[in-house]
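Participant: The structure follows.
The values are calculated or read from the model by the stated rules, or taken from the named source; none is laboratory data. Quick caveat, the model's predicted, so the values are computed rather than measured. Neighbour counts are summed over all protein chains in view; Cβ atoms, including those assigned to glycine, are modelled from backbone coordinates with ideal geometry.
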Amino acid sequence: MTISEMVTARAGEALRVSRAARSSKLSGVSMGALAAILAALPFLVFSSVTDTLVNLFVLIALASMWNLLAGFGGLVSVGQQAYIGIGAYTVIALADLGVQPYLAVPLAAVTCAVFAVPTSWLAFRLRGDYFAVGTWVIAEVYRLLVVRIDAVGGGSGKGLTGLSGIDQTLRGALTYWIALALALATIGGCYLLLRGRLGLSLMAVRDEETAAGSAGIDVQRAKRLVYLVSAAGCGAAGGVITVSSLSVNPDAIFSIQWSAYMIFIVVIGGIGFIEGPLLGALIFFGLQQLLSDYGSWYLVVLGAIGMLVALRLPGGLWGLVRSRTGLSLFPVGYHVRRGEPDA
């Protein structure tokens with residue numbers, strides 16, 4: 001063996017490639033402990049606290065799904081409220097048929113994935129800004145269809161049946177747990193999805209669709225799969241909203257305001273980072289609690305903060321944290337570090 005070969009072999013032994021840094025492993029343990037504490041909250045705090053946290057968990061789930069779609073897949077949609085509404089009305093319809101509403105929430109996710117298949121065939125014919133506007137139009141079409149169905153209340157909406165026999169305290173705890181499970185499932189699902197080959201394919205499609213196709217990536221399959229996952233997550237969130245509010249109204253559940261919330265949370269938190277929706281949802285939730293009594297000024301402040309972050313911090317607040325500290329709670333890339341060579 002020559003000297004250069006010995007040096008190369010030695011250098012190769014001293015480098016180790018891993019999917020997670022030491023800080024991310026520590027953060028994983030910390031977040032597991034946090035999840036356990038959150039699960040125990042119904043036994044530790046008043047129901048008013050857990051009822052409020054349900055809204056936070058729904059926002060985390062919705063923002064995570066939009067971030068998966070736009071931040072990693074490059075599909076900027078302003079019509080995901082279509083699946084929030086479909087999920088909500090699925091729970092209403094199944095409850096009328098005798099299905100327990102909490103069991104109907106995962107079925108709502110499946111229903112939305114089924115609806116998303118033909119919808120994607122239509123939406124994927126559009127590109128860029130046309131895709132964004134097209135998804136909005138599709139959401140409005142779904143709303144108009146629901147308004148004309150008298151069996152689910154038509155334009156006036158309908159109340160949820162099947163929960164009247166459950167104690168109010170128990171019902172609040174069950175709703176809290178299913179909302180927490182939804183938030184954890186969406187975060188964990190995004191993490192597992194992006195760590196695989198699909199994650200690399202999505203980011204390649206997001207950066208340059210034509211180049212990704214020429215490299216052998218099935219562009220349509222990757223986009224359709226992430227679209228279906230996002231639709232299912234939004235549908236489950238719509239189901240949680242229904243069991244939490246005990247009623248549904250078509251104008252409210254299909255409102256574009258849901259997409260505005262998702263976009264705002266992801267933009268200020270950090271688009272293209274799994275941690276972004278978490279941080280953004282916490283900030284948005286805090287602003288809601290502080291400014292909700294100020295009427296229209298509440299929306300003005302939210303808009304000003306969104307524009308400021310978009311102009312000054314294109315990577316969002318988590319992008320700033322990542323650039324300064326290198327911290328990654330959910331690593332989906334590779335880390336190269338030096339290690340001791342084998343004896």
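Participant: Output yes when any residue across segment 212-224 is of a type in the set (Gly, Ala, Ser), closer than 24 Å to Ala61 by Cα and either surrounded by 17 or more Cβ atoms within 10 Å (Cβ to Cβ) or touching a Pro at 6+ places or on another chain (Cβ under 7 Å) (or both), and no when none is.
Facilitator: yes
Participant: Right, Thr8: of a type in the set (S, T, N, Q), assigned to a helix (DSSP H, G or I) and modelled with pLDDT of 90 or more or not?
Facilitator: Working: of a type in the set (S, T, N, Q): yes; assigned to a helix (DSSP H, G or I): yes; modelled with pLDDT of 90 or more: no.
No: the conditions fail for Thr8.
Participant: Between Tyr130, Tyr83, which is among the hydroxyl-bearing types (Ser, Thr, Tyr) and free of Cβ contacts under 8 Å to residues at least 24 places away in the same chain? Step through it out loud before you land on a result.
Facilitator: Working: Tyr83 fails: free of Cβ contacts under 8 Å to residues at least 24 places away in the same chain.
Just one listed residue meets the conditions, Tyr130.
Participant: OK, next. Just checking, does segment 267-290 include any residue being closer than 30 Å to Asp51 by Cα, part of a helix (DSSP H, G or I) and among the polar types (S, T, N, Q)? Full working, then the answer.
Facilitator: If we filter segment 267-290 for residues that are closer than 30 Å to Asp51 by Cα, which is where we start, we get 267-290.
Adding the requirement that they be part of a helix (DSSP H, G or I) leaves 267-269, 275-290.
Cutting the leftovers down to among the polar types (S, T, N, Q) gives us 288-289.
Within segment 267-290, one or more residues are closer than 30 Å to Asp51 by Cα, part of a helix (DSSP H, G or I) and among the polar types (S, T, N, Q).
Participant: Moving on to the next point. Can you tell me which condition Val114 does not meet? The list is (1) over 18 Å from Ile253 (Cα atoms); (2) assigned to a helix (DSSP H, G or I); (3) at pLDDT below 95, and all the others hold.
Facilitator: In the conditions (1) over 18 Å from Ile253 (Cα atoms); (2) assigned to a helix (DSSP H, G or I); (3) at pLDDT below 95, Val114 misses (3) alone.
Participant: Quick one: what pairs do we get from segment 23-45, first residue under 27 Å from Thr169 (Cα atoms) and assigned to a helix (DSSP H, G or I), second modelled with pLDDT of 90 or more and among the small types (Gly, Ala, Ser), C-beta under 7 Å, 6+ apart or different chains?
Facilitator: Taking only residues 6 or more apart or on different chains, the pairs are Pro42/Ala173.
Participant: Confirm whether Leu329 is buried (at least 16 other Cβ atoms within 10 Å of the Cβ), more than 16 Å from Ile268 (Cα to Cα) and modelled with pLDDT under 85.
Facilitator: Criteria met by Leu329.
Participant: So how many residues does segment 74-100 have that are touching a Lys or Arg at 6+ places or on another chain (Cβ under 6 Å) and outside any helix (DSSP H, G or I)?
Facilitator: 1
Participant: Let me ask another. What number of residues within segment 80-108 satisfy the criterion of being buried (at least 24 other Cβ atoms within 10 Å of the Cβ), more than 13 Å from the chain's Cα centre (by Cα) and either closer than 27 Å to Phe330 by Cα or among the aromatic types (Phe, Trp, Tyr) (or both)?
Facilitator: The qualifying residues number 2.
Participant: Please verify whether Phe264 is under 30 Å from Arg312 (Cα atoms) and part of a loop (DSSP other than H, G, I, E, B), treating the condition exactly as stated.
Facilitator: no
Participant: Something else now. Surrounded by fewer than 16 Cβ atoms within 10 Å (Cβ to Cβ), hydroxyl-bearing (Ser, Thr, Tyr), more than 20 Å from Gly85 (Cβ to Cβ) and modelled with pLDDT under 90: does that describe Ser292?
Facilitator: yes
Participant: Right, another one. Say we look at segment 46-66 and pick out the residues that are buried (at least 17 other Cβ atoms within 10 Å of the Cβ) and of a type in the set (Ser, Thr, Tyr); which of these is farthest from Leu170 (Cα to Cα)?
Facilitator: Here the answer is Ser64.
A quick yes/no check of all residues on (1) without any contact (Cβ under 8 Å) to a residue 12 or more places away in the chain; (2) part of a helix (DSSP H, G or I); (3) farther than 29 Å from Leu53 by Cβ:
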residue: Leu107; (1), (2), (3): no, yes, no
residue: Leu122; (1), (2), (3): no, yes, yes
residue: Trp136; (1), (2), (3): no, yes, yes
residue: Ala139; (1), (2), (3): no, yes, no
residue: Ser164; (1), (2), (3): yes, no, no
residue: Ala179; (1), (2), (3): no, yes, no
residue: Leu200; (1), (2), (3): yes, yes, yes
residue: Met203; (1), (2), (3): no, yes, yes
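Participant: Against the conditions (1) at pLDDT 80 or above; (2) surrounded by 11 or more Cβ atoms within 10 Å (Cβ to Cβ); (3) farther than 22 Å from Gly196 by Cα, where does Pro341 fall short? Just the number, please.
Facilitator: Of everything listed in (1) at pLDDT 80 or above; (2) surrounded by 11 or more Cβ atoms within 10 Å (Cβ to Cβ); (3) farther than 22 Å from Gly196 by Cα, Pro341 misses just condition (1).
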